[in-house]
Structure formats: C-alpha cells, structure tokens
Amino acid sequence: MTTSDSSPVQRASEAFVAEFARWRVDRGMSKKQLAAAMGFDASYVSHVEARRHRPTEDFARRAEAILQSGGAIWQRYKEYDELRATARSRVGLPGRDPPVPDQWLPPGTGLVVERETARLSYVDGKYRCTVRRALYNAGTEPITRYLVRISVDRYPDDPARSNRHHRDHPLSWDELALVASCAGEPMEWRSKTDRDALKEAWLLFENAQGRFPLYPGQRTTIAYSWHISVEKWGHWFQRSVRLPTRQLTIEVEFPARMRPVVWGVQTTLSAEEVPLRTPITQELSADGRAVFSWHTETTALHDRYRLEWRFRGTRPVGAVEQPDDWEEPPYAQSSSTDAVRDAGVLQRGENVLDRPVRPLDLPGESARAAEVVDKMSAALDRVQALHPFVRGVGLAAPQVGDSLAVAVIRPGEPGTDQVVLLNPRLVDQSDETDEEFEGCLSFFDVRGLVRRSREVTVESSRSDGTRFIQVYRGPLARLVAHEIDHLDGRLYLHRMEVDAPLVPATE
C-alpha cells in the first residue's frame, strides 16, 4: 500500500496552486505582471505559488477574474476551502474565514451582472419572457442605457426554413409589448435593431418623471418582459453571456398536462455543444405548473446556455411539429429520474444535499441511527428493483432527507454484506488513482468522469460509540469516498475537471 504523507487539505491546497500556476503560464503572465493586475505585491503572489502562504477567497476571486479560467481556479479553491473548513470544525476551530465583504473586480471592468434570472412561461398560446438582472457599475462612467436582445429561431436545425417562416411571420414591437423597470421605476426604451427575427432595444435609465443613471460603485436591479405567440417560437430558450456574470438562473414553465421533457446544452468559444454540466431541477407547483430550473455560478464571457424541450402530452396549437422519428436526448429530464425520486431519493436542487451533515451523538442516538439505516436500505431495495448496479450502489442520509452522518453502501460483489458508515471520516488515501465514470442517484441519467484514490482509509463509529479504522480498495473505495462526499455537502460534480462534460447514462 502506498499512501501520501500529506493531508487531504494540503493536497487540495497544492491542487489549487498547480491550477493557478498553470493558468498564469498559459496566459503568458509573469508573477509580477499578475500581481499588479490583481492589486497585490509581487512577493505575495510568489509566496502563494511557492506554498508559503495559504490561498484565500479574495486571492482566488481575483485570480479567477484576471486569468479567466472558466471557473477552474475558483473550483479548486472551493474544494480546498471545504476540506479545510471540515478539518478545522472537527477540532473545534472556526470553519472558514470571514466572508469577503465585496467581491473585487479588475479596474475598468465596467458593468457587471451580479445575478440574472430569466424565465420563459407558456400561457394560453403565448410565451412570456421575464428577465431580472442585478447590476453593478464597476466602471468609471455613469450608465444611462442598457441593450437587450430578442432573437427567435423557429427551426434551429433548418436555417433556410426558419428564415422563410420569419419572413412570412415577422416579429413586431407591438406584439412583443416590451416593458421594463429599474428598481421599480418604469424605463423608457428605444429601438436599435428591427428585423424579422431579431429585435434589439436600448433600455433607458429615464422616464417622463426624470433620469436615474447608474453611477460608478452603485447597484440596481432591472427587469424587463415581453410576449410572443407560440407560432413564432421554437422549442428552446437561450441565454448568452455578454457581460461578466456571477450567477445565472434559467427557468422554463409549462402546464403539467403537457408532460414536458426538458434538457439543456452549453456552447463555449472552445467547445462545441455539450450537455449542461449540472442537472436541471424540476418542481410541480400547486396550480399544476411544471417548472424546470438550472443555475450556475461559473459563467464565462460568450458562453451560451440553452434549455430545450418537447411535449409528451397535450401539444400547444401552432407549436413546432415533432417528427415521427424524433428521439428524446438521453440527458433529458426523464422518467428514469422520476422513478428514482419516487423510490424515495431526493434529487439535485434540494437544500439538504448542499450542506454538511451533523454527526450522530453515539451511543445516545443509536436508535435514531438504526431508523435511518433502515430507511436507506428500503430505498436501496426499491432502486435496485428498477436498475441493476453491477459495480455497487450507495446512499447517504441527506439523499433520503436526513442531515446525519450515515451512509449505506452495497458492494457489487455477490454475497457481500452492505457497509454501514456512522460518523465516517476519511483519514488517508493512496497516491495511486484512477479515473472512472460515476453516477449519482440524485441525478440519475448522466455520468461524470472523476479521479479518485484506489484505496482509502476511513475511521467510523459503531453504534456503541467506539471508533474503528477500515481500509477500502478498488470500486468499493470509490463508493465509500462518493458517499462521504455527500456527507460533506459535495457532489461528484465538484471533483470533475472544469471542462469535462456530463455524459448521458445510455452512452
């Protein structure tokens, strides 16, 4: 057995530094040049890169802003910060540094979208688009207008047909009925581009009662909405990142009777169209509406994110025709996910999955531990009746709604007993690793390529509170590490390379 002499926190710190240095070199910047751009003394950058100073949130944010790594640097920092916080909390120390009061931006950044939420809703033969953007003026001049774009494409895969359709059925400003507001104040607007399938408008920071420019250092929220008939809209809703954007949420909403199926794709300057990196969540509202939502905090300029859909139930009159030979994308939000949810496994988007659990107080909570283990075992029975898991399967307590440090793993080898982990702690892992596709019952229809150690050492508790150490190897080591990640509020997505796509399970 070969094990590393460094702790998981140290290794995560080294991974951050390696990512940071790689992007600095890739961008052709010396330490002195980068330090000046980040607003630091050159020696500080050298000390971090030489591992003499630990990375901080402020340092990581500034590095990401300057080097534009597509979220790679920031992801490595979050992994390090999670491990450091967990390790410190176990010995009674404060888990994290105080939050950075205001995110740093490079000088001259200009207008920044701190948060965008865009929703497309189908209601009575029309689509209504509503966009809300929280803006921050990080530039040096007042902002007096904001450009918005409304673009349609009835048949994205057939440009000639789409162009003919929009020539015969052009968009009109009257139909769109564009309205906009800024912090509750109505905004006037002025047309910039007026074409059959494209409209652009300047939203003006003014109205008949006066002007309200967005001055340097100020923040505000604008909102705008428009309508379009179903005959002029295709089955897609796309957002393009044209300004630095910190958070982006895209939502589509339909009557549940239409039985919508929704999936998503992403396009970047360096990659062709690939499935969204994280799954779409689905909710059913009390008034019978199906709402699909996707969120990211790792956007890059010029990225495009698109939700697409089809209807398995009632199709709106005038909607795009569905060809007879059309096949549902394997990464669509589908019945497999619904079946696992019905088996009792919570799906991605539930808050309990994103938070570290609390440890059991053993032996005082031994009866509670037994209840949770029984609940998880029953859920696994139901899941395994739906799908065979040749290489094993596991569940963590948050996946069945209990924020407790409990995990149950069923190895793939026939005749082996299930592994029950109470208050587990990863104490060591081998330097020898491998990279394999992992799946998760909380977003069942996709798989991701994850590198993990081939051997892990775990300390956990018996129901009487005594502690013991166990070594797990091969596929079982991967299963154990995956479930312990769940207990730390982490999904395998956080362990993937930033540019690695999620792959449909069918592939």
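Inside segment 283-323, residues that are closer than 20 Å to residue 231 by Cβ, acidic (Asp, Glu) and under 25 Å from the mean Cα position of the chain (by Cα) make up a count of 1. Counting only helices (runs of 4 or more DSSP H) that sit completely within segment 1-93, those holding 3 or more residues that are more than 29 Å from residue 458 (Cα to Cα) correspond to 8-26, 31-38, 42-49, 57-67. When residue 452 is tested against the conditions (1) buried (at least 20 other Cβ atoms within 10 Å of the Cβ); (2) at pLDDT below 90, the lone failure is (2). Restricting the first member to segment 168-182 and to residues that are touching a residue at least 40 places away in the same chain (Cβ under 8 Å), and the second to residues that are assigned to a helix (DSSP H, G or I), the beta-carbon pairs closer than 9 Å and six or more apart or on different chains are 169/231; 169/232; 171/232; 175/232. Within the option set 130, 117, 140, being assigned by TED's automatic domain parsing to the domain that holds residue 259 and assigned to a loop (DSSP other than H, G, I, E, B) holds for one residue only, 140. Before we move on, is residue 243 in contact (Cβ under 8 Å) with a residue 12 or more places away in the chain and touching a Leu at 6+ places or on another chain (Cβ under 8 Å)? Yes; evaluated as a whole, the condition is true for this residue. With the condition kept exactly as written, say whether any residue in segment 182-189 is assigned to a strand (DSSP E or B), crowded, with 17+ Cβ neighbours inside 10 Å and more than 31 Å from the chain's Cα centre (by Cα). Checked against the condition, which is being assigned to a strand (DSSP E or B), crowded, with 17+ Cβ neighbours inside 10 Å and more than 31 Å from the chain's Cα centre (by Cα), segment 182-189 yields at least one hit.
Please tell me if residue 474 is at positive phi, over 23 Å from the mean Cα position of the chain (by Cα) and free of Cβ contacts under 8 Å to residues at least 60 places away in the same chain. When the stated conditions are applied, residue 474 passes them.
Residue-by-condition table, conditions (1) among the basic types (Lys, Arg); (2) under 25 Å from the mean Cα position of the chain (by Cα):
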{"position": "408", "(1), (2)": "no, no"}
{"position": "414", "(1), (2)": "no, no"}
{"position": "427", "(1), (2)": "no, no"}
{"position": "431", "(1), (2)": "no, no"}
{"position": "439", "(1), (2)": "no, yes"}
{"position": "443", "(1), (2)": "no, yes"}
{"position": "451", "(1), (2)": "yes, yes"}
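Inspect all residues belonging to segment 210-219 and state whether any of them is surrounded by fewer than 18 Cβ atoms within 10 Å (Cβ to Cβ), farther than 30 Å from residue 261 by Cβ, in contact (Cβ under 8 Å) with a residue 60 or more places away in the chain and among the polar types (S, T, N, Q). Yes - at least one qualifying residue is present in segment 210-219.
Can you find, within segment 410-440, the residue that is surrounded by the most Cβ atoms within 10 Å (Cβ to Cβ) among those that are farther than 20 Å from residue 490 by Cα and among the small types (Gly, Ala, Ser)? Out of the qualifying residues, it is 430.
Cβ-Cβ distances below 6 Å connect the following pairs, each with a first residue in segment 266-283 that is surrounded by 12 or more Cβ atoms within 10 Å (Cβ to Cβ) and at pLDDT 80 or above, a second residue that is among the aromatic types (Phe, Trp, Tyr) and not in a loop (DSSP other than H, G, I, E, B), and a separation of six or more residues or different chains: 266/305; 279/443; 280/292; 280/294; 282/292.
Scanning segment 262-307 for residues that are small (Gly, Ala, Ser), assigned to a strand (DSSP E or B) and farther than 19 Å from residue 151 by Cβ returns 290, 293.
The values are calculated or read from the model by the stated rules, or taken from the named source; none is laboratory data. Everything numeric here is computed off the predicted structure, so don't read it as measured data. In this analysis, Cβ positions are derived from the backbone assuming ideal geometry, glycine residues included, and neighbour counts consider all displayed protein chains.
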